[in-house]
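Q: Submitted below is the structure of interest, expressed as structure tokens.
The values are calculated or read from the model by the stated rules, or taken from the named source; none is laboratory data. Every value quoted in this text rests on a predicted model; they were computed, and no experiment measured them. Virtual Cβ from ideal backbone geometry, glycine too; neighbours counted across all protein chains shown.
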Amino acid sequence: MSKYKNSIVVLILFLFAVNSNIAQDNFEGEIKFKISSDGEEMLLNYFIKDDNLRMEMVENKEAVFINNSKGSFILMPEEKMYMDLNNSLFSKIPGMMGMEEDENEDTEIEDIDIDKYRTGKTMTILGYNCYQWIFKEEEEEEEVEAWVTDELGNFMLMSGPMGGGYSPGWGSSVNNNGFFPLLVITKDEDGEVTSRFEATEIDEKSLDTDLFTPPSDYSEMKIPGM
């Protein structure tokens, strides 16, 4: 996998998660994002309705991620198949990879003090008033600049099907406090921009619930022996 694709995977796990405590008064509609990294760009369509989520890479229709009250799924339109990320296969992956799970580990999301990230600066993005947050931990070389709004409801974060997932401090903070990022810029230790994630269009509209379920003519992908 290329460095760019690696960056995209990390970014998706970083930003998109599903949490069962999402408020029901969220924005409903479609938000288009542009992801830039290493001189390349990728477009992402993000659909949200209540606690349902759908993500599509515009240039690559081979896989579509959806989440609903029953769990998470990956759709494969070309094959008319879907993968259920909630089945027992994915719960076995940590053990298959030699990753031991600590049964005593506290998985409760920490209540983050977001005030330490606020800078007091504001900016209007696509008609929404946004606040600037700067995230940089002492042990981290990268700095993350996020512009978030409280006018679109809670942001949805994705925990991986293997358990856990990439959930940095600022992501937990967004999820806990009803903020939605419209621009996220990552810089290296020299201040050079390494990636940029930005909303390019926000379309508030009613969405059909069928968008968030595997189509009836799709077959579930089964892996022999699992």
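Q: Is there a residue being assigned to a loop (DSSP other than H, G, I, E, B) and either modelled with pLDDT of 90 or more or under 20 Å from Ile31 (Cα atoms) (or both) anywhere in segment 160-168?
A: No: zero hits.
Q: Out of (1) buried (at least 19 other Cβ atoms within 10 Å of the Cβ); (2) more than 30 Å from Lys70 (Cβ to Cβ); (3) modelled with pLDDT of 90 or more, the odd one out for Val144 is which?
A: (3)
Q: Evaluate segment 190-208: report whether one residue or more is modelled with pLDDT under 75 and either outside any loop (DSSP other than H, G, I, E, B) or more than 14 Å from the chain's Cα centre (by Cα) (or both).
A: No; the residues of segment 190-208 include none that is modelled with pLDDT under 75 and either outside any loop (DSSP other than H, G, I, E, B) or more than 14 Å from the chain's Cα centre (by Cα) (or both).
Q: From Lys92, Lys121, grab the single residue that is modelled with pLDDT of 90 or more and surrounded by fewer than 16 Cβ atoms within 10 Å (Cβ to Cβ).
A: Selected residue: Lys121, the only one of Lys92, Lys121 that is modelled with pLDDT of 90 or more and surrounded by fewer than 16 Cβ atoms within 10 Å (Cβ to Cβ).
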